[in-house]
Amino acid sequence: MDMIRAVIILVLFITVFTSSSHATDIRYCDKNVDYDVKVRAVEITPDPIARGQPATFNLSASTENPISGGKVNVDVAYFGWHVYSESHDLCAETSCPVPSGDFIIAHSQVLPGYTPPGSYSLKMRIVDENKKQLSCVRFDIRIGFGSSSVAAS
């Protein structure tokens, strides 16, 4: 009986910690550029993302100079093909003005239930109110096979 209980606890532990979230590897768009905003990590919850369910992206970054406003522009590619773009007000994703030092850009979104599962590549650019690029990073996300039920109309 103790062995069965230990196996159940181990399975629950693995399920919770492997599917909840983890930091995603990031790459700067141009490794030869010294961006004003340094991105340390992107954490995606859950990972893989479940179609039709909320997903949260937390981008940990820092800046030496305060930022009064701007945009976060996101381009999404699926198997190398551009499939989607969106732009968000930076001040809707973090508190503005952003003081010098560490800050978090947080975004939540529900992907449609019909989103194809698989690996996607995201390019995220942060620009100030004058459209000066402050940072540009790339990272991969995974969309899982599971989804919420989609009602037929």
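In order along segment 64-72, the phi-based Karplus estimate (6.51 cos²θ - 1.76 cosθ + 1.60, θ = phi - 60°) of 3J(HN,Hα) comes to 8, 10, x, 10, 8, x, x, 9, 10 Hz; Gly and Pro are listed as x. Couplings 3J(HN,Hα) of segment 110-124, computed from phi: 10, 7, x, x, 8, 4, x, x, x, 9, 10, 10, 10, 10, 10 Hz, in residue order, whole Hz [Karplus 6.51 cos²θ - 1.76 cosθ + 1.60, θ = phi - 60°; x for Gly and Pro]. Each of the peptides 52-61, 101-110 was scored by the mean count of other Cβ atoms within 10 Å over its residues; in descending order, highest first, they stand as 52-61, 101-110. Extending 7 Å from Cα along the Cβ direction at Ala41 and again at Phe145 yields two label points whose distance is 3.0 nm. Computed from backbone phi with θ = phi - 60° and the Karplus coefficients 6.51, -1.76 and 1.60, the 3J(HN,Hα) list for segment 47-52 is 9, x, 6, 9, 4, x Hz; x is used for glycine and proline. Extension gain, Lys132 to Asp89: 0.36 nm times the residue separation minus the Cα-Cα distance gives 14.0 nm.
Bear in mind these aren't lab numbers, they're just calculated from the coordinates by the rules spelled out. As the structure is a prediction and not an experimental result, all values here were calculated from the model. We place every Cβ from the backbone using ideal geometry, glycine too, and count neighbours over all the protein chains shown.
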